[in-house]
Ligand SMILES: [Zn+2]
C-alpha cells in the first residue's frame, strides 16, 4: 500500500518518507485543502513535461521521415547482367544521412513516447488520488487503472447508452 508524504507529497511504501517525515495515513480536515493545492501544482509540472515529450515525438517523427526520404535518394540504377536494377548505394552520402536521421529520429521518438506515457500515468494517478483525498481525507494512494482499461470502459458505456437510446426512442408522430 502506498501513501503520500504529508510534507513533500512523495508516494511512498515505507512508514518513513525519504525526506525524514513519518507517514500519516489521514489528514486533518483543515489540512486537506492546502495539500490538494500542492498536489495540483505537481500535476502542472507533469503537464509541462508532457508538452516537452510531445515535442520530442513530433521532432523525432519529422527527422525519421527525412531519413526515409534520403533512404530513397540513396538508390541508384545499375546495369546488372543486362538488366536494370535499383540498388542501395551504401557509399553515397544520402545513405549515411538516412542512417543517422533514422537512428536519431527513432531515439527521439521513443524517448518522447516512453517518457510521455510514464508522465501521463503519473498525472492521472495524482488526479485520481486528489478525488480520493477530497472524499475521505485519507492519504492512501490506490493504483489507478491503465488508460486502455478506462477507454474500454468508456466505449462500453457509450455503446450501452446508444442501445438504450434505440430501445427508448419515441416513434415520431
Ligand atoms: Zn516526504
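The values are calculated or read from the model by the stated rules, or taken from the named source; none is laboratory data. Just so you know, these numbers come straight off a predicted model, no measurement behind them. Using ideal geometry, Cβ is built from the backbone for each residue, glycine included, and neighbour counts are taken over all protein chains shown.
Below, the figures for the structure above:
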{"read-out": "Hey, residue 65 in contact (Cβ under 8 Å) with a residue 40 or more places away in the chain, loosely packed, with under 15 Cβ neighbours inside 10 Å and assigned to a helix (DSSP H, G or I) or not", "value": "yes"}
{"read-out": "Conditions (1) surrounded by 13 or more Cβ atoms within 10 Å (Cβ to Cβ); (2) without any contact (Cβ under 8 Å) to a residue 40 or more places away in the chain; (3) over 16 Å from residue 141 (Cβ atoms); number of the one not met by residue 82", "value": "(1)"}
{"read-out": "Test: residue in the stretch 128-139 that is in contact with a strand residue (DSSP E or B) (Cβ under 6 Å, 6 or more places away or on another chain), in contact (Cβ under 8 Å) with a residue 40 or more places away in the chain and in a strand (DSSP E or B)", "value": "yes"}
{"read-out": "So residue 104, is it part of a loop (DSSP other than H, G, I, E, B) and either away from the ligand (no atom under 16 Å from the Cβ) or more than 30 Å from residue 134 (Cβ to Cβ) (or both)", "value": "no"}
{"read-out": "Single residue of the stretch 1-22 satisfying the filter (outside any strand (DSSP E or B) and more than 9 Å from the ligand (Cβ to nearest atom)) that is nearest to residue 45 (Cα to Cα)", "value": "13"}
{"read-out": "Index of the failed condition, residue 149 passing every other in (1) in a helix (DSSP H, G or I); (2) in contact with a helix residue (DSSP H, G or I) (Cβ under 8 Å, 6 or more places away or on another chain)", "value": "(2)"}
{"read-out": "Among residues of the stretch 68-114, those that are touching a strand residue (DSSP E or B) at 6+ places or on another chain (Cβ under 7 Å) and either closer than 30 Å to residue 49 by Cβ or modelled with pLDDT of 95 or more (or both), counted", "value": "0"}
{"read-out": "Some residue of the stretch 25-36 being assigned to a loop (DSSP other than H, G, I, E, B), crowded, with 16+ Cβ neighbours inside 10 Å, within 15 Å of the ligand (Cβ to nearest atom) and touching a residue at least 12 places away in the same chain (Cβ under 8 Å)", "value": "yes"}
